[in-house]
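Read through the structure below, which is laid out as structure tokens, and then see the notes.
The values are calculated or read from the model by the stated rules, or taken from the named source; none is laboratory data. All values derive from a computational prediction rather than experimental measurement. Quick reminder, even Gly has a Cβ in these numbers, built from the backbone with ideal geometry, and neighbours come from all protein chains shown.
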Amino acid sequence: MRSILLLVCLVMLFSRCADSNSRKKEPPVETDSIASAAYGKFLEAKEGEAVSHEYDHLGKIMGVVEFSIPDTSFENGYQQWISLENPGPDLARLPDAGELLISAPEIRVAIEYPLKDEFIFTLKSNGAFTKGQLVQLISDQYHKIYKTEERSASVKTIPPKQRRGLYNRNETNGDFGIWGHDLSDLVLSRIRIHQSADGEIILSLDIES
């Protein structure tokens with residue numbers, strides 16, 4: 001009888017060990033990969049929305065401002081964008097930075113990338129804006145937006161060195177709802193000058209990353 005009980009106990013012990021081993025061999029769920037894939041799809045959708053964003057509501061386009069900085073490292077011999085994080089070095093090499101673009105004491109600028117919603121702010125001058133001044137003022141506003149976002153968000157920006165999976169900036173939930181890109185990613189490639197029905201000058205921007 002004792003031998004039978006001993007045999008039963010050994011069988012039960014072996015069964016439990018086998019079950020435990022089988023559980024240990026199950027591959028872990030790669031949550032980082034799943035989260036990265038989901039965020040990748042989110043970014044793809046947001047980028048698509050940004051590309052298709054319309055500015056007709058701002059008024060008729062009166063002109064388009066582009067940038068051509070001589071640079072032989074580019075195939076066409078020109079760098080056609082300016083850094084928004086640090087525009088100074090690019091503006092120093094921009095031949096027409098002093099070109100007068102708009103004669104007006106006040107204009108408005110629409111920003112929508114990479115923000116949750118379009119944001120329109122006002123710029124003031126002594127009566128006119130040059131190309132270089134506009135770029136610097138737009139850069140200054142982007143710096144303010146990113147600082148305000150970080151201060152007002154409960155979901156903070158994950159530092160680049162701590163990001164796993166996708167390297168893109170995580171979406172935050174501050175006043176502007178910034179998604180997908182750090183300020184260091186962004187460059188200004190084009191400015192459109194609109195005039196509204198009541199004569200107001202409003203700028204829209206082509207921002208690339």
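Here are the numbers for this structure:
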read-out	value
L123 vs. criteria surrounded by 16 or more Cβ atoms within 10 Å (Cβ to Cβ), free of Cβ contacts under 8 Å to residues at least 24 places away in the same chain and within 26 Å of the chain's Cα centre (by Cα)	yes
Selected residue [at pLDDT below 75 and among the charged types (D, E, K, R)] from D117, D71, D32	D32
Test result for I145, within 23 Å of G48 (Cα to Cα), assigned to a strand (DSSP E or B) and of a type in the set (A, V, I, L, M, F, W, C)	no
Single residue of the range 80-111 satisfying the filter (assigned to a strand (DSSP E or B) and over 21 Å from the mean Cα position of the chain (by Cα)) that is surrounded by the fewest Cβ atoms within 10 Å (Cβ to Cβ)	L100
Which numbered condition E49 fails, given (1) crowded, with 18+ Cβ neighbours inside 10 Å; (2) free of Cβ contacts under 8 Å to residues at least 40 places away in the same chain; (3) assigned to a helix (DSSP H, G or I); (4) not hydroxyl-bearing (S, T, Y)	(1)
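Yes or no, residue by residue, for (1) free of Cβ contacts under 8 Å to residues at least 12 places away in the same chain; (2) among the hydroxyl-bearing types (S, T, Y); (3) exposed (fewer than 15 other Cβ atoms within 10 Å of the Cβ); (4) in a loop (DSSP other than H, G, I, E, B):
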residue	(1), (2), (3), (4)
S73	yes, yes, yes, yes
Y113	no, yes, no, yes
D117	no, no, yes, yes
Q133	yes, no, no, no
